[in-house]
Amino acid sequence: MTKDHPHSVVEAMGNRHDYLPAAGRDALLPGYDLLTRLLGMYKLHETLVAQAELTADQRVLEIGCGTGNLTIRAKRTQPGAEVIGSDPDLLALARAERKAHGLNGIRFERAYAQKLPFPDQEFDRVLSSMMLHHLETGVKTAALAEALRVLRPGGSLHIVDVGGEVTPDDGLMARLLLHNDHARDNLGDGIPQLLRKVGFDCAVVASQRHRRLGRVTFYRGTRPN
Ligand SMILES: C[S@@+](CC[C@H](N)C(=O)[O-])C[C@H]1O[C@@H](n2cnc3c(N)ncnc32)[C@H](O)[C@@H]1O
């Protein structure tokens with residue numbers, strides 16, 4: 001663990017990394033894609049890609065891409081775009097690379113969202129799916145600031161994550177979320193507040209009760225011109 005990345009939850013889960021992996025532990029990673037299918041995340045990815053309005057000439061980055069499902073969907077939706085998936089987890093990236101085999105103009109890089117190895121204003125779009133709730137507050141703020149830095153003026157960050165205006169009526173997962181310290185920043189207008197704090201213009205695009213995830217909310221952060 002480095003001092004830069006405080007990860008009490010990660011430690012509590014017995015995870016040896018300084019980040020929380022996709023399925024919580026390396027040993028569970030082989031089941032991650034099946035789990036995401038059962039959770040209905042493919043539909044959320046489809047909606048997020050549509051929200052991002054990708055065009056052929058764009059450069060697109062996903063932060064926290066895990067096994068690459070959203071990154072690959074973005075590429076298949078807009079084959080002319082240049083798409084990069086990034087994640088600190090080498091095991092997940094290896095799976096992503098295998099799945100993207102044969103596609104051109106897509107690559108995967110090891111990177112922490114809070115310290116992206118890309119120049120300023122490099123991307124037209126940044127995507128983030130189910131990643132922010134993996135980060136502690138300070139890291140989350142740093143990650144959003146990095147997304148702003150790597151976006152060109154007028155470029156946009158598109159986020160889908162658990163949280164938003166969650167109520168106990170949203171179901172069991174929602175009730176768990178409401179009592180989970182780690183997810184606290186994702187509740188209410190926590191994410192819009194963080195987006196504005198780092199300099200984005202922010203919109204809540206949609207928020208929906210989700211049968212398996214409680215509540216999911218879609219956000220757009222635009223880097224002002
Ligand atoms: C639930 S998975 C989501 C993966 C993918 N975006 C999807 O929608 O299937 C969360 C991902 O965030 C990654 N992650 C955790 N900490 C991170 C960090 N500091 N920077 C970037 N990614 C991180 C994990 O390794 C994991 O792959």
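Bear in mind that the values in this text are calculations on the coordinates, not laboratory data. Computed from a prediction, not measured in an experiment: that's the story for all the values here. In this analysis, Cβ positions are derived from the backbone assuming ideal geometry, glycine residues included, and neighbour counts consider all displayed protein chains.
Considering the conditions (1) buried (at least 18 other Cβ atoms within 10 Å of the Cβ); (2) under 25 Å from Ala22 (Cβ atoms); (3) out of contact with any helix residue (DSSP H, G or I) (no Cβ under 6 Å at 6 or more places or on another chain), Arg184 is excluded by exactly one of them, (1).
Residues in segment 50-68 that are in contact (Cβ under 8 Å) with a residue 40 or more places away in the chain and of a type in the set (A, V, I, L, M) were compared, and the one that is surrounded by the most Cβ atoms within 10 Å (Cβ to Cβ) is Leu61. Those residues that are part of a strand (DSSP E or B), away from the ligand (no atom under 13 Å from the Cβ) and either touching a Gly at 6+ places or on another chain (Cβ under 7 Å) or in contact (Cβ under 8 Å) with a residue 60 or more places away in the chain (or both), I need them from segment 145-166; list them, please. Leu151, Arg152, Pro153, Gly154, Gly155, Ser156, Leu157, listed by residue number.
Among residues of segment 19-32 that are within 17 Å of Gly64 (Cα to Cα), those with a beta-carbon under 6 Å from a residue that is within 11 Å of the ligand (Cβ to nearest atom) and not in a helix (DSSP H, G or I) at least six positions away or on a different chain give the pairs Tyr19/Pro88; Pro21/Asp89; Ala22/Gly66; Arg25/Asn15; Leu29/Ala23; Tyr32/Ala22; Tyr32/Ala23; Tyr32/Thr67. Of the residues making up segment 136-144, none is away from the ligand (no atom under 15 Å from the Cβ), touching a residue at least 24 places away in the same chain (Cβ under 8 Å) and under 19 Å from Phe218 (Cα atoms).
Among the residues of segment 140-160, write down those that are of a type outside the set (Gly, Ala, Ser), buried (at least 23 other Cβ atoms within 10 Å of the Cβ) and in contact with a helix residue (DSSP H, G or I) (Cβ under 8 Å, 6 or more places away or on another chain).
If we filter segment 140-160 for residues that are of a type outside the set (Gly, Ala, Ser), which is where we start, we get 140-141, 144, 146, 148-153, 157-160.
Applying the additional criterion that residues be buried (at least 23 other Cβ atoms within 10 Å of the Cβ) yields 144, 151, 157-160.
Of everything in segment 140-160, those that are of a type outside the set (Gly, Ala, Ser), buried (at least 23 other Cβ atoms within 10 Å of the Cβ) and in contact with a helix residue (DSSP H, G or I) (Cβ under 8 Å, 6 or more places away or on another chain) turn out to be Leu144, Leu157, His158, Ile159, Val160.
Considered as a group, the residues in segment 71-92 that are of a type in the set (Ser, Thr, Tyr) and within 10 Å of the ligand (Cβ to nearest atom) include one that is farthest from Thr141 (Cα to Cα), and that residue is Thr71. Among the residues making up segment 55-70, those that are more than 6 Å from the ligand (Cβ to nearest atom) and among the polar types (S, T, N, Q) are Thr55, Gln58, Thr67.
Just a yes or no: is a residue in segment 110-121 of a type in the set (Phe, Trp, Tyr), crowded, with 21+ Cβ neighbours inside 10 Å and over 14 Å from Tyr19 (Cα atoms)? No, because not a single residue in segment 110-121 is of a type in the set (Phe, Trp, Tyr), crowded, with 21+ Cβ neighbours inside 10 Å and over 14 Å from Tyr19 (Cα atoms).
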